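Working notes for the structure below.
The values are calculated or read from the model by the stated rules, or taken from the named source; none is laboratory data. All values reported here derive from a predicted model rather than from experimental measurement. In this analysis, Cβ positions are derived from the backbone assuming ideal geometry, glycine residues included, and neighbour counts consider all displayed protein chains. Protein only, heavy atoms only, side chains kept; ligands, DNA and RNA dropped before computing areas. Shrake-Rupley method; radii C 1.70, N 1.55, O 1.52, S 1.80 Å.
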Amino acid sequence: MDLKNSTILITGGTSGIGLELAKQLTEKGASIIVTGRNPETLKTAKEKFPKIHTFLSDVSDSKYIEQLYKDVIQQFPNLNIIINNAGLMRLIDLQDTTLDLEILTARLPQIFQELYRWCISFCHI
């Protein structure tokens, strides 16, 4: 796949899979934008990969989503790929039969609301 003329936004792009995607897609010649909630990890990612563009943003906060949308569209009107990678990992022992289903699924409604707000802002791209 030729990505040389692509502009790619990666949420949660400062560590793990997101950072590796930023690395590999930069090597393919794409223009990469990463978001993250932590200014220090954004700074570290930028130092490691100077060609990437970074934005402080929290995809779980609608104010951040709206501001991110405005900033990204203004600075990168040719944005054509979004990788929604941001997330939090919960350590749950799925073999623990004492866990209640409500505990396991407690954040699902909030997660779907956050994803919906994100899509409403960016889905027309």
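Is it the case, given these coordinates, that ASP58 is charged (D, E, K, R), at pLDDT 65 or above, farther than 21 Å from THR26 by Cα and surrounded by 10 or more Cβ atoms within 10 Å (Cβ to Cβ)?
yes
Please verify whether the range 61-76 includes one or more residues that are modelled with pLDDT under 95, surrounded by 14 or more Cβ atoms within 10 Å (Cβ to Cβ) and not in a helix (DSSP H, G or I).
Yes - at least one qualifying residue is present in the range 61-76.
Looking only at the range 38-78, which residues are over 14 Å from the mean Cα position of the chain (by Cα) and under 23 Å from ASP2 (Cα atoms)?
If the condition is that a residue be over 14 Å from the mean Cα position of the chain (by Cα) and under 23 Å from ASP2 (Cα atoms), then PHE49, PRO50, LYS51, ILE73, GLN75, PHE76, PRO77, ASN78 are the ones that fit.
So which residues in the range 95-109 are open to solvent by 90 Å² or more (accessible area, probe 1.4 Å) and at pLDDT 70 or above, if there are any at all?
GLN95, THR97, THR98, GLU102
Assess whether THR26 counts as being closer than 16 Å to ASN85 by Cα and of a type in the set (Val, Ile, Thr).
No.
Suppose the filter is modelled with pLDDT of 80 or more and more than 17 Å from THR14 (Cα to Cα); does ILE92 pass it?
No.
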